[in-house]
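Notes follow the structure.
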Amino acid sequence: MLYLSLNPGLCTYVSSNDNNGNQVVEDAGKIPVPFELNRTFFYGRDALAQLTSLFKNLKGTQDFPQHEISLSLPPNILTYSVNEEPVPDWMDTLRLGKDYSEKLEKKVYSLEKGQLTVWHDPHITDMILQAAKNSGYTINKITPGIVNAINSVFMIYATSDYDKFTILKWDSHYPELVTFRNDVLSGHLCFSNDESPCVLQGSGDRDATIPEHLKKNNITEKLYDHTGPLFVYSVFEPDSDPLQPFKKFGFCEIINPWTGLEVSQSGNGLLTDLSDTVLSLWTESAGFINRE
């Protein structure tokens, strides 16, 4: 199986094979996304051709070719909310607006640790499926990337030790976070990453002041009061280390998604001498493993 995480600017992948019931990682890598990945892109004239080219580039990069894909998508393509209990359909319509919600398809995930409702534009997901098919791939599953980040954290850390904790995707485009209380998913926040951050999506038990506390020059120990223990990962690679501001605080843990995973000898060679920040790039794609 090929586990793929698509984000603006970067696509990461993990390839694994079944070995006596265990998933063994054989290959991992990343490729650039050479177009502006947002909802508008999918309504452009050349969108299908550019997506197909991306998948063909991916195929040429793989050392252990797989043909079946589990794919995770970023929050600017999906709309979703978290709730401890299911919400009535009319509440979803009220939140999104009737005209908008009629264009979308909805799926409710009953997670072990809370409820996740996801809306997607079938025009977008159908185009992704077609582009993969044009390149010889079959996409078996599509989920939000943050769900796989949640899975990575729960596979690695003793989260039940905390009354409250937060998982943060620190991204140059669309940072997002999820909050847990008593080990149950309780809130979600997606916001812009600039000098005047604003909330783009939010639901459940969320603290809308957190983006202000995450301004690069404003990050202090006071962040803990709003997030509790903080698990952080990145999906972009600028010249500087994007997670550096978090490394000086003991309550901030940079996720290493490879912890506990079985990696083949060939796969190990790809992951040596990498910084914590670079390793965290695979948090979403590696988070599929052992969850299938």
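The values are calculated or read from the model by the stated rules, or taken from the named source; none is laboratory data. Bear in mind the structure is a predicted one, so any value in this text is a computation, not a measurement. Cβ: placed from backbone, ideal geometry, glycine included. Neighbour counts: every protein chain shown. Please note that ligands, DNA and RNA were not included when accessible areas were found on the heavy atoms of the full protein model with its side chains. Shrake-Rupley method; radii C 1.70, N 1.55, O 1.52, S 1.80 Å.
Applying the Karplus relation 6.51 cos²θ - 1.76 cosθ + 1.60 with θ = phi - 60° to region 186-199 yields 3J(HN,Hα) values of 10, x, 9, 8, 10, 8, 7, 10, 8, 5, 10, x, 10, 6 Hz, where x marks Gly and Pro.
Please report the relative contact order for region 94-143, taking Cα pairs under 8 Å with a sequence separation of at least 6, and give it as a percent rounded to a whole number. Write out the running numbers ahead of the final one.
Numbers: 29 pairs, mean separation 11.4, N = 50.
Answer for region 94-143 is 23 percent.
On a per residue basis, the chain carries 46 Å² of accessible surface, using protein heavy atoms and a 1.4 Å probe.
For the chain, relative contact order (Cα pairs under 8 Å, six or more residues apart, normalised by length) works out to 21 percent. Considering only beta bridges that DSSP places wholly inside region 139-292, some 70 percent are antiparallel. Simple rule: put +1 on each Lys or Arg Cβ and -1 on each Asp or Glu Cβ in the chain, find the dipole, and look at Thr179, Ile167, Phe236; the Cα lying farthest toward the positive end is Phe236.
Roughly how many debye, to the nearest 20, is the charge dipole of region 9-76 about its Cα centre, given +1 on each Lys and Arg Cβ, -1 on each Asp and Glu Cβ, and no other charges?
On the way: 5 positive and 7 negative charges, 68 e Å.
I would put it at about 320 debye.
Residues whose amide H comes within less than 5 Å of that of Thr143, counting only those at least five positions distant or on another chain, are Leu71, Ser72, Leu73 (H built at 1.01 Å from N in the peptide plane).
Heavy-atom surface analysis with a 1.4 Å probe gives region 210-292 a carbon and sulfur content of 44 percent of its accessible area.
Counting other Cβ atoms within 10 Å of each Cβ, which trypsin sites (Lys or Arg not before Pro) in region 1-99 have at most 14 and sit in a DSSP loop? Loop-located and lightly packed - Arg39, Arg45.
Listed values for region 247-263 are Karplus-derived 3J(HN,Hα) couplings in whole Hz (6.51 cos²θ - 1.76 cosθ + 1.60, θ = phi - 60°), namely 6, 8, 10, x, 7, 9, 10, 7, 6, 9, x, 8, 4, x, 8, 8, 10, and x replaces Gly and Pro.
In whole percent, what relative contact order does region 148-292 give with Cα contacts below 8 Å and a gap of six or more residues? Walk me through the numbers on the way to the answer.
Values: 248 pairs, mean separation 35.9, N = 145.
It comes to 25 percent, rounded to a whole number.
Only the Cβ atoms of Lys and Arg (+1) and of Asp and Glu (-1) were treated as charged; on that basis the dipole of the chain about its Cα centre amounts to roughly 460 debye.
Taking 0.36 nm per residue of separation and subtracting the Cα-Cα distance, what length does fully extending Thr61 through Leu48 add? Walk me through the numbers on the way to the answer.
Details: separation 13, 0.36 × 13 = 4.68 nm, distance 2.01 nm.
Going from the current span to full extension adds 2.7 nm.
Quick check: at a probe of 1.4 Å, how many percent of the accessible area of region 19-84 sits on carbon and sulfur atoms? Write down the numbers at each step before the final one.
Details: 1400 of 3090 Å².
The value for region 19-84 is 45 percent carbon and sulfur by accessible area.
State the label only: which of (i) -0.33, -1.42; (ii) -0.44, -1.25; (iii) -0.37, -1.41 corresponds to log10 I(q)/I(0) by the Debye sum over Cα atoms at q = 0.08, 0.16 Å⁻¹ computed from the shown model? Given (i) -0.33, -1.42; (ii) -0.44, -1.25; (iii) -0.37, -1.41, the calculated one carries the label (i). With bins 10 Å wide beginning at 0, the percent of Cα pairs of region 1-142 falling in each bin runs 10, 36, 32, 18, 3.
Each residue of region 223-232 was assigned a 3J(HN,Hα) from its phi angle through the Karplus expression (A = 6.51, B = -1.76, C = 1.60, θ = phi - 60°), giving 4, 4, 4, 9, 10, x, x, 10, 9, 10 Hz with x at Gly and Pro. When the charge dipole of region 88-145 is built from unit charges on Cβ atoms (+1 for Lys and Arg, -1 for Asp and Glu) and taken about the Cα centre, the candidate among Thr93, Trp119, Leu129 whose Cα reaches farthest toward its positive end is Leu129. Given a 1.4 Å probe and the protein chains as shown, His123 ends up with an accessible area of around 70 Å². Between Glu212 and Asp163, the simple spin-label model (points 7 angstrom out along Cα→Cβ) gives 2.4 nm.
Each Lys or Arg adds one and each Asp or Glu takes one away; over the other residues whose Cβ falls under 14 Å from the Cβ of Lys98, this sums to -1. Annotation: amide H of Val33 within the under-5 Å range of Gly9, Leu10, Cys11, sequence separation 5 or more or interchain, hydrogens built in the peptide plane.
Ranking request for peptides 241-252, 225-236: highest mean number of other beta-carbon atoms within 10 Å first, then the rest in descending order. Show your work: numbers first, answer last.
Values: 241-252: 15.3, 225-236: 21.3.
Ranked by mean Cβ neighbours within 10 Å, highest first: 225-236, 241-252.
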